[in-house]
Amino acid sequence: MPYRLHIDEVGHHNLASANDPNERYLCLVGVILDLEYSMGEFTDSMNSLKMEVFGTHNVVLHRRELIDKSPAPYDKLADPAVRQKFDTLLIDLIAKAKYTVITVLIDKQRHVEKYGTWQFEAYHYCLTAMVERYVWWLDEQNAVGDVMAEGRSRKQDMKLEAAYKYLYRNGTGTNAPEKKVFVSAELMQRRLSAKEIKMRPKSSNVPGLQLADLVANPARRHIVCKLENTRMVSKFGRAIVRILIDLKYRRCKWGNRRIVGFGVKILPEEILLK
């Protein structure tokens, strides 16, 4: 049974912006979907939502346009009744769809304070932690899968492709500081079905990438609020986070089924989710 990990990012990868409050945190969110389900039932469900709200399935559910209600056909969401209908249908889709989530967040400020100048790019560091957990999850399922990420600039995409190939060839544990647990090259190659990461732009209308985009900001905001001891304001975002915590995050398969370290990884330190 092949799977695919769909990755979306929130934040900036540059460690030079670590002290900027608006760019302090980088978060990667990965949504794992069975490929047959993703291309069949899940795509049908998402297209049904799009048709009911926008009158077409040729529209990408991208957070920025959904918030701005612009351009067309996103402008339909300016109608409060349509917006309420969309929010209800979207929450229902996010709750009922079959997927597993892994979130990795790096506090760049604390990271720089702890390790100083370090050449391992923040995005690639988060990717390493993400792929580790994905491979462990695949191993638990006795399954194989590949990885797809949202495209960025050509230069960044090339660097990401190289970083992923390195992970595939070598496994993890040699570049990250204080690494105690890692995925061997043998396990990496046994569970990952492709040695190259797939890159797609938002405009490609990939349902799995859209789902990752929809849950990424609430997932990041929740963790940041926990780190900064503040309240998450958005009621809609809190509803999504509740679904992730109760139903979707990868959990330890033993003991108390904890999420931290399994479905959520915080670099360079962790907190408990409540």
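The values are calculated or read from the model by the stated rules, or taken from the named source; none is laboratory data. Keep in mind that what you see is a predicted model, and the values were worked out from it rather than measured. Cβ coordinates were reconstructed from backbone atoms using ideal geometry, including for glycine residues, and neighbour counts include every protein chain displayed. Areas reflect the complete protein model, heavy atoms only, side chains present, ligands, DNA and RNA absent. Shrake-Rupley method; radii C 1.70, N 1.55, O 1.52, S 1.80 Å.
Here is the figure for the stretch 88-115: residues that are open to solvent by less than 10 Å² (accessible area, probe 1.4 Å) and either of a type outside the set (A, V, I, L, M) or not in a helix (DSSP H, G or I) (or both) total 10.
Only one entry of Arg152, Arg169, Arg133, Arg190 meets the criterion of being within 19 Å of Gly261 (Cβ to Cβ) and either open to solvent by less than 60 Å² (accessible area, probe 1.4 Å) or not in a loop (DSSP other than H, G, I, E, B) (or both), and that entry is Arg133.
Yes or no, residue by residue, for (1) within 24 Å of Val135 (Cα to Cα); (2) aliphatic (A, V, I, L, M):
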site	(1), (2)
Ala18	no, yes
Asn22	no, no
Gly30	yes, no
Leu35	yes, yes
Ser45	no, no
Leu90	no, yes
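Annotation note: of Val82, Val53, Val59, Val101, the sole residue that is closer than 30 Å to Val144 by Cβ and in contact (Cβ under 8 Å) with a residue 12 or more places away in the chain is Val101. One residue alone among His111, His124 is touching a helix residue (DSSP H, G or I) at 6+ places or on another chain (Cβ under 6 Å) and at pLDDT below 95, and that residue is His124. Selection within the stretch 193-230: residues that are within 25 Å of Trp136 (Cα to Cα) and among the basic types (Lys, Arg). The member of this set that is most open to solvent (accessible area, probe 1.4 Å) is Lys195. Applying the condition of being part of a helix (DSSP H, G or I) and of a type in the set (Gly, Ala, Ser) to the stretch 116-130 and asking which residue is surrounded by the most Cβ atoms within 10 Å (Cβ to Cβ) yields Ala122. Of everything in the stretch 48-87 that is acidic (Asp, Glu) and open to solvent by 40 Å² or more (accessible area, probe 1.4 Å), the residue that is nearest to Ala216 (Cα to Cα) is Glu65.
Residue by residue through the stretch 45-70, note down the ones that are under 17 Å from Val215 (Cα atoms) and assigned to a loop (DSSP other than H, G, I, E, B). Val60, Leu61, His62, listed by residue number. I'm trying to understand the selection: among the residues of the stretch 1-43, which are in a helix (DSSP H, G or I), open to solvent by 40 Å² or more (accessible area, probe 1.4 Å) and not aliphatic (A, V, I, L, M)? Result: Glu36, Glu41.
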